[in-house]
Amino acid sequence: MRPTQKSAHFVLYTRLNELPHARLGVVVAKRFAPRAVTRNTIKRVTRELFRVTGLPAIDCVVRLAKPVNSKDGPATTAALKRSLRLELSRLFAAQIKLSGRQAQTVPPMQPPAALPSAATPPLTPS
């Protein structure tokens, strides 16, 4: 997968899938968010925004690419959560626009033609 969207702290990778719904993967490395509380907050905010955004049938992987805080300050703050929500919502909104443009330019896939049942002879025991 190649990155399709980037923001200040995140990279979004996407790929079309054959399912009727979108799927999400979240990667938050310990070196960019050293505290477990921070990593869990990022994952929780990402999942919630993904759930309410309503993306088309694509596989998404959101990866934290730059540090969000250090061990010196508090693990999470209201300001951190607010900035994460804003950044991730912009990321998902940009992906919706991009997916809408791709849907207009790419024709829908046609299902393969069914083989006639007479094409294969019935099996007989030997």
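The values are calculated or read from the model by the stated rules, or taken from the named source; none is laboratory data. In this text the structure is predicted, and so the values were computed from the model without any measurement. Note: ideal-geometry Cβ built from the backbone for every residue, glycine included; neighbour counts use all protein chains shown.
List of remarks:
- Scanning the range 1-21 for residues that are part of a strand (DSSP E or B) and either in contact (Cβ under 8 Å) with a residue 24 or more places away in the chain or within 19 Å of L86 (Cα to Cα) (or both) yields a total of 10.
- Residues within the range 1-55 that are within 16 Å of A94 (Cα to Cα) and β-branched (V, I, T), tallied: 6
- Selection status of A118, modelled with pLDDT under 55 and either touching a helix residue (DSSP H, G or I) at 6+ places or on another chain (Cβ under 8 Å) or not in a loop (DSSP other than H, G, I, E, B) (or both): yes
- Within the range 4-13, considering residues that are at pLDDT 90 or above and in contact with a Ser or Thr (Cβ under 7 Å, 6 or more places away or on another chain), the one nearest to I42 (Cα to Cα): L12
- Residue within the range 64-82 that is small (G, A, S), in a loop (DSSP other than H, G, I, E, B) and within 22 Å of S99 (Cα to Cα) present: no
Conditions tested, residue by residue: (1) surrounded by 13 or more Cβ atoms within 10 Å (Cβ to Cβ); (2) β-branched (V, I, T); (3) at pLDDT 90 or above.
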site	(1), (2), (3)
A36	no, no, yes
T53	yes, yes, no
A57	yes, no, no
G73	no, no, no
A93	yes, no, no
G100	no, no, no
P107	no, no, no
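- Looking across T14, T38, T46, one residue alone is hydroxyl-bearing (S, T, Y), closer than 24 Å to T77 by Cβ and within 10 Å of the chain's Cα centre (by Cα). It is T46.
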